[in-house]
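Contents: one structure, followed by commentary.
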Amino acid sequence: MDELTALTRDLVAIPSHDGEAAAGDHIEGWLRAETDAEVTRDDAGDDDRGGNVIARRGATADPDAPTLAFVGHHDVVPPDDTQVDTDGGYVVRERDGRLYGRGTADMKGADAAMLLAFRDAALGDELELVFASFVGEEVGGVGARHAIDDGFAPDWALVAEGSTGYSAPGVLDVAVAHKGRRGSTVTAQGQAAHASEPDAGENAVYRACDAVGTIRDLDWPTVTVAGEELSGSVVVTGIEGGSAWNVVPESCEVTVDERTVPGERADLARVERIDGVAWTVDQDLPPMRCSDDAFADAVLDSVRDVQDGVGELVTKPHATDAGWLAEAGAACVVCGPAEPGEAHTAEESVSIDVLERCYESYRRLAGSWTG
C-alpha cells in the first residue's frame with residue numbers, strides 16, 4: 001500500500017525528539033485535508049511540543065454516543081547519529097520490506113496506519129471514532145494526562161504501541177495487559193562525624209544498606225492475564241552517598257526501579273520502618289489490564305481476519321499511554337506493528353507488511369465494533 005508507506009516516511013522524516021510541534025502540524029494538516037473530521041489541537045506541553053492532535057468523526061453530534069479511540073504519539077526518543085542527515089532531518093531508508101529510521105517502530109508507522117484507517121473506516125450511526133496523537137509519551141505521558149484532565153474519555157481505546165512478535169515472529173498480536181513502572185528514591189539520613197570516631201555519628205550509608213536489604217527481600221507481585229503470568233519486579237539501580245573518605249556520611253540516596261502489575265504493588269513503604277529512612281515516588285506509570293473481554297476479542301478477530309487466523313491475546317512488559325487511559329476508565333488494548341527489541345535502537349525499523357495488516361485490522365474494527 002504505497003500511500004501507507006509514503007505517509008510513514010513523511011512522518012518519520014520530521015524530527016520530534018526535541019519538540020513535536022512540526023510533526024503535530026503535519027498530522028493536523030493531513031487530517032484537515034484528507035477527512036471531514038472535527039480536528040482540535042490542545043495546549044499540552046510547552047510551545048515546542050505543540051499540543052495533542054485529536055480528531056473525531058461519526059456520531060459526534062450525540063454526546064452520549066459510545067466512543068472508540070485510536071491512540072498514538074508523535075514524539076520519539078533522541079536519534080542515533082546515523083539516523084540524522086546533514087540538515088538535521090531524520091533519515092528514512094527502505095530495505096527488504098522494512099522502513100528504517102527513528103520513529104518507524106515507535107510509533108509513526110502505527111500513526112500512519114491509524115490515520116488511514118480513521119479516514120477509510122465505514123462507520124455506522126451509533127459510534128464516534130476518534131484519532132488521538134499525543135505529545136510527551138516518552139517522558140511520562142505528558143499529552144495523555146493533559147487530555148484526560150481536559151475530558152478525553154473514550155469508552156474503548158486501541159493504543160497502537162508494539163504488540164507484534166509475541167506469539168510468533170512477525171505475527172500481529174493483541175496485548176490485553178502490560179506492566180507499569182514506578183521509579184522511587186530511598187533517602188537515608190544520618191549524622192556526620194570524623195571517620196576516626198565512627199560512633200560519634202550515624203552512618204547514613206549503613207542505613208541505606210539496611211534499606212537495600214529490605215528491598216531485596218520484598219515479594220514481587222504476580223497476576224495472571226490471558227493465560228499468561230505477568231510478574232512485577234523491584235531492582236535497586238543506584239546508590240550515592242558520602243562526601244569524603246574520612247567523614248562518616250550524613251546522607252545517602254538509593255534509586256529503585258519497580259515494574260508494577262495490574263492491581264498489585266510491592267510494599268516499598270516498608271523501608272520507612274528503618275530509622276532515618278524516607279521513601280519518595282518520583283514517577284508512577286500505571287499498568288494496564290483490559291476491562292472489556294468482548295472488546296479484546298473483537299480486536300483479536302479483526303487481526304485474525306487479515307492474517308490467516310493467527311494472532312493471540314498476550315501481555316506486554318512495557319508501560320504505554322494505555323495505562324493512563326485505563327486508569328481513567330477506558331477499556332484498552334495495545335495492538336501495533338513494533339516488535340520486541342526494535343524501538344529506541346540505532347537500527348529501529350518496521351515491517352511494511354505488518355503496517356498494512358495493522359491498517360486493515362484497524363479499519364475493520366472501526367467499521368464493525370458497536371460495543
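Find how much the distance from residue 61 to residue 43 grows on full extension, using 0.36 nm per residue of separation minus their present alpha carbon separation; answer in nm with one decimal. Display every interim value, and only then the final one.
On the way: separation 18, 0.36 × 18 = 6.48 nm, distance 2.38 nm.
This chain segment gains 4.1 nm when fully extended.
Karplus-based coupling profile of the range 35-47, in residue order and whole Hz: 9, 9, 5, 7, 10, 10, 10, 8, 10, 4, x, 8, 4, with θ = phi - 60° in 6.51 cos²θ - 1.76 cosθ + 1.60 and x standing for Gly or Pro. Solvent exposure of residue 347, expressed as accessible area, is near 110 Å², computed with a probe of 1.4 Å over the protein chains only.
Taking the chain as a Gaussian network, where each spring joins two C-alpha atoms under 10 Å apart, which residue of 269, 112, 175 fluctuates the most? Fluctuation is largest for 269.
The heavy atoms of residue 345 present about 40 square angstrom of accessible area, all protein chains included, probe 1.4 Å. From the alpha carbon centroid of the range 48-66 to that of the range 78-111 is 29 Å. Compared with the dominant principal axis of the Cα atoms in the chain, helix 293-306 is inclined by about 60°. Do you know the relative contact order of the range 69-181, to the nearest whole percent, from alpha carbon pairs under 8 angstrom that are 6+ apart? With pairs under 8 Å counted, the relative contact order is 34 percent. Please determine, in degrees from 0 to 90 and to the nearest 10, the orientation of helix 352-368 with respect to the longest principal axis defined by the Cα atoms of the chain, where the helix direction is its Cα long axis. Its long axis makes an angle of about 70 degrees.
Using only side-chain charges placed at the Cβ, +1 for Lys and Arg and -1 for Asp and Glu, the dipole size of the chain relative to its Cα centre rounds to 480 debye.
Identify which of the listed values of semi-axes √(5λ) of the Cα gyration tensor in Å was calculated from the structure shown: [x] 34, 25, 20; [y] 28, 27, 18; [z] 42, 23, 19. Checked against the structure: label [z].
Rounded to the nearest Hz, the phi-derived 3J(HN,Hα) couplings of the range 329-344 under the Karplus curve 6.51 cos²θ - 1.76 cosθ + 1.60 (θ = phi - 60°) are x, 7, 7, 10, 10, 10, 8, x, x, 5, 9, x, x, 7, 5, 6, where x marks glycine and proline. Model label points for residue 150 and residue 191, set 7 angstrom from Cα along the Cα-to-Cβ axis, are 5.3 nm apart.
For the chain, modelled as a GNM with alpha-carbon contacts under 10 angstrom, which of 163, 302, 233 fluctuates the most? In the Gaussian network model the winner is 233.
Computed from Cα positions, the angle between helix 2-12 and the longest principal axis of the chain comes to roughly 30 degrees.
Using the alpha-carbon centroid of each, what span in Å lies between the range 237-270 and the range 175-233? Comparing the Cα centres of the range 237-270 and the range 175-233, I get a distance of 5 Å. Solvent-accessible surface (1.4 Å probe) assigned to residue 318 amounts to roughly 100 Å².
A Gaussian network model of the chain, with springs between Cα atoms under 10 Å, assigns the largest mean-square fluctuation among 351, 16, 231 to 231.
Taking only DSSP H segments of four or more residues, each worth -39500 (n - 2.57), what value at 222 nm results for the chain once the sum is divided by all its residues, to the nearest 500 deg cm²/dmol? Each step should come with its number before you reach the end.
Numbers: 8 runs with 95 residues, N = 371.
Only helices count here, giving -8000 deg cm²/dmol.
The values are calculated or read from the model by the stated rules, or taken from the named source; none is laboratory data. Since the model is a prediction, treat every value here as computed from it, not as a measurement. Cβ atoms come from the backbone with ideal geometry, glycine included; neighbour counts cover every protein chain shown. SASA here: full protein model, heavy atoms, side chains in, ligands and nucleic acids out. Shrake-Rupley method; radii C 1.70, N 1.55, O 1.52, S 1.80 Å.
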